[in-house]
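What follows is a short report on a single structure.
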Amino acid sequence: MQVSLAAARGPEVRLSTNKEYITILFGIWLIGGVFVDGFAHNHGVVETFFTPWHAILYSGFMASAIWMGWLLYRSKTQSGSTWREAVPVGYGLGLAGVFIFLLGGLGDMIWHTVFGIEQNVSALLSPTHLVLLIGALLILSSPFRAGWHHASLQKPTWSAFTPIFLSLVATTGAVSFFLMYAWAFRYNLPASSSVDWYAVQFGDGGLIAENNQLRGLSYILIDTVVYMFPVFLLMKRWQLPIGTMGLLFALITVMMNVLDGFQNYPSIFIALGAGLIGDILYRVLRVREGRVSGERILAAVVPIALWSFYYAWMAISDGIGWETELWAGSIVEAALLSMGLQLLAAQKTPAKG
């Protein structure tokens with residue numbers, strides 16, 4: 001008589017929704033410290049490793065680490081199983097992330113002592129900061145992984161879906177943080193004022209103008225991936241509660257606005273509007289019922305709405321400095337990229353013979 005591997009390892013340890021809420025609460029503390037520290041780096045107020053900004057970041061980490069360690073210990077003592085079997089579903093990589101983050105933090109302290117304090121883009125490329133990113137991603141995504149492996153959770157209500165959703169928001173926020181140098185709403189390179197400023201500073205030479213156009217196009221495409229990939233990931237696994245996309249887009253954009261003191265706050269409403277259009281299409285096109293054609297239309301329309309709103313706001317507030325073919329083409333290109341992502345995300349795993 002054969003025994004399955006899952007049965008041999010014993011029953012799965014699954015956390016209650018209330019415990020998932022506590023996990024994500026500490027995760028928000030951690031990611032909040034990341035963005036506050038990022039604001040400090042961007043504005044030159046960090047002088048040593050021991051700052052209030054680092055205190056928020058590392059206290060959030062410690063709270064997350066202690067909580068996840070306690071969950072493991074409690075599971076172990078109650079079940080009498082091995083440490084490996086006692087790991088709650090979705091939390092194995094999160095516990096590994098605790099150790100990775102700890103190593104990154106110790107390395108970061110040494111790095112700052114030896115090489116000084118980084119600012120701007122150099123802070124994002126610091127090796128120790130990238131190690132911290134890996135650890136944070138594994139910690140923050142734990143409730144998302146737990147929900148992904150919850151077979152009975154197909155049509156979640158917001159009460160059950162919130163920890164999963166906020167886990168994905170926090171994880172996406174951490175990725176966006178390390179891509180802040182490619183966040184289109186920070187630089188607004190297509191705006192007339194930006195184009196004119198570069199012309200005054202560097203002359204009307206075509207090389208500078210072309211480089212900025214390439215930068216702007218790259219930012220739009222990168223940000224399209226940042227916004228749309230989480231949407232496709234969610235749709236692949238769950239039937240989404242109402243308002244999911246609007247809230248997702250808005251929260252990601254709010255976090256990115258922290259870095260510059262909400263100087264570009266209109267971007268929040270632009271992202272919210274595009275996300276709400278996605279929510280409407282999700283229901284009108286019956287995507288939640290598994291209509292692939294509806295998902296493909298959504299994949300094209302949402303980035304079209306996002307960047308159309310972006311250029312419309314720019315035209316009203318500042319003026320568009322790019323040629324029509326360029327800014328209109330960037331919208332089409334973003335839509336095509338999104339549709340390509342959807343095609344990849346929608347692929348089913350082939351059945352084993």
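The values are calculated or read from the model by the stated rules, or taken from the named source; none is laboratory data. Quantities reported herein were computed from a predicted structural model and do not represent experimental measurements. Positions of Cβ are backbone-derived with ideal geometry, glycine not excepted, and every protein chain shown enters the neighbour counts. Only protein heavy atoms, including side chains, enter the accessible area calculation; ligands, DNA and RNA are left aside. Shrake-Rupley method; radii C 1.70, N 1.55, O 1.52, S 1.80 Å.
Of Trp322, Trp307, Trp313, Trp327, all but one fail to be closer than 23 Å to Gln213 by Cα, in a loop (DSSP other than H, G, I, E, B) and not polar (S, T, N, Q); the exception is Trp322. For Gly69, are the conditions met, namely being over 13 Å from Leu132 (Cβ atoms) and modelled with pLDDT under 85? It is false that Gly69 is over 13 Å from Leu132 (Cβ atoms) and modelled with pLDDT under 85. Looking only at the range 108-131, count how many residues are open to solvent by 30 Å² or more (accessible area, probe 1.4 Å) and at negative phi. Total meeting the criteria: 14.
Within the range 98-107, the presence of at least one residue that is open to solvent by less than 30 Å² (accessible area, probe 1.4 Å) and farther than 20 Å from Ala170 by Cα is confirmed. So, of the residues in the range 66-97 that are in contact (Cβ under 8 Å) with a residue 40 or more places away in the chain and under 28 Å from Ala40 (Cβ atoms), which turns out to be surrounded by the fewest Cβ atoms within 10 Å (Cβ to Cβ)? The qualifying residue surrounded by the fewest Cβ atoms within 10 Å (Cβ to Cβ) is Trp67. Residue pairs whose Cβ atoms lie under 9 Å apart, separated by 6 or more positions or on different chains, with the first residue in the range 113-125 and under 16 Å from Val36 (Cα atoms) and the second among the polar types (S, T, N, Q) and not in a loop (DSSP other than H, G, I, E, B), are Gln119/Asn42; Asn120/Asn42; Ala123/Asn42. Taken together, the residues in the range 265-304 that are not in a helix (DSSP H, G or I) and not small (Gly, Ala, Ser) amount to 4.
Give the range 289-300 a look and list any residue that's more than 16 Å from Pro230 (Cα to Cα) and open to solvent by 50 Å² or more (accessible area, probe 1.4 Å), or say none.
Passing the criteria: Glu289, Gly290, Arg291, Val292, Ser293, Ile297.
Residues of the range 219-250 that are in a loop (DSSP other than H, G, I, E, B) and open to solvent by 10 Å² or more (accessible area, probe 1.4 Å): Gln239, Pro241, Ile242, Gly243.
Tell me yes or no: at least one residue of the range 99-107 is at negative phi, part of a helix (DSSP H, G or I) and either touching a Cys at 6+ places or on another chain (Cβ under 9 Å) or without any contact (Cβ under 8 Å) to a residue 24 or more places away in the chain (or both). Yes: one or more hits.
Residues in the range 148-192 that are of a type in the set (Ser, Thr, Tyr), assigned to a helix (DSSP H, G or I) and open to solvent by 60 Å² or more (accessible area, probe 1.4 Å): Ser159, Tyr181, Tyr187.
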